[in-house]
Amino acid sequence: MKSYLALFAIFLVFIGYIPYFRDTFLGKTKPHMFSWFIWGLTSLIAFGIQLSSGGGAGAYVNAVMTVICFALAVLGMRNGFSHLTRGDFVSLFLAILAITLWLVVAQPVLSIILVITIDFLSFLPTILKTWKRPREETAALYAVSAVRHAVTISAFESLTFLTVAYPFYALLANVFFLGMMFGRRKKV
């Protein structure tokens with residue numbers, strides 16, 4: 001059953017990203033290259049932690065996410081150099097610093113906390129961009145991602161802080177982002 005839930009979560013990845021890739025190619029969505037690059041790194045790190053902590057099939061969702069995030073970082077480079085701010089570079093620097101700390105610490109609980117911190121820091125450029133230009137993101141991606149993270153949690157063989165913390169954080173981050181995006185769309 002857990003393997004089927006993991007496959008369903010991976011299916012949701014593709015369902016969520018089809019409109020995002022389509023809108024990116026059409027120029028409606030403009031992925032922030034720093035966010036997607038760091039998300040690729042955090043997905044890779046989370047995959048390693050979850051797999052080594054007994055996450056089983058549920059961990060493979062982050063393996064798929066790693067590939068997609070790096071692809072979107074490359075696509076973001078096509079659109080994103082002209083809108084980079086000092087805050088974007090600060091977020092990138094802090095995320096890389098946190099990754100360096102993760103490599104030095106090598107302690108699982110602190111590592112997953114650092115991964116969540118890195119992910120949040122990498123989300124900041126997208127949050128700030130969306131605050132200013134709320135129609136440059138595809139809402140369907142974040143809605144499907146929230147559901148996917150809930151399904152991913154259900155797919156883990158072992159429900160521990162190490163396996164659940166990152167997808168639970170990501171679920172909350174997606175819900176918050178959707179609320180912020182729709183709130184800004186009404187005002188702008």
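Read the figures in this text as sums done on the coordinates, not as results from a lab. The model shown is predicted, which means the values in this text are computed figures rather than measured ones. Reconstructed Cβ throughout: ideal geometry from the backbone, glycine too, with neighbour counts over all protein chains shown.
What to note about this one:
- If the convex hull is drawn through the Cα atoms of the stretch 2-182, its volume per residue in Å³: 90 Å³
- Remark: relative contact order (the stretch 2-182) = 35 percent; criterion is Cα-Cα distance under 8 angstrom and separation of 6 or more residues.
- The chain - mean residue ellipticity at 222 nm from DSSP helices (-39,500 (n - 2.57) per run, n ≥ 4, rounded to 500): -29000 deg cm²/dmol
- The stretch 117-188 - Debye-derived log10 I(q)/I(0), Cα point model, q = 0.14, 0.17 Å⁻¹: -0.47, -0.65
- Between the stretch 110-179 and the stretch 6-38, the Cα center-to-center distance that results, in Å: 13 Å
- Computed FRET value (nearest 0.05) for Arg86 with Leu26, which takes r as the C-beta separation and R₀ as 25 Å: 0.25
- Annotation: average projected area of the stretch 1-105 is 7.2 square nanometres, based on the convex hull of Cα atoms across all directions.
- Nearest-ten-degree value, helix 161-187 long axis tilted from longest Cα axis of the chain: 20 degrees
- The C-alpha atoms of the chain define a longest principal axis, and helix 139-155 lies at about 0 degrees to it.
- Pair Val74, Leu110: separation of 7 Å Cα→Cβ label points (nm): 3.6 nm
- The fewest-to-most ranking of Met181, Met33 by surrounding Cβ atoms within 10 Å reads Met181, Met33.
- For the stretch 1-63, the spread of Cα positions along the three principal axes, ordered from largest to smallest, is 40, 25, 8 Å.
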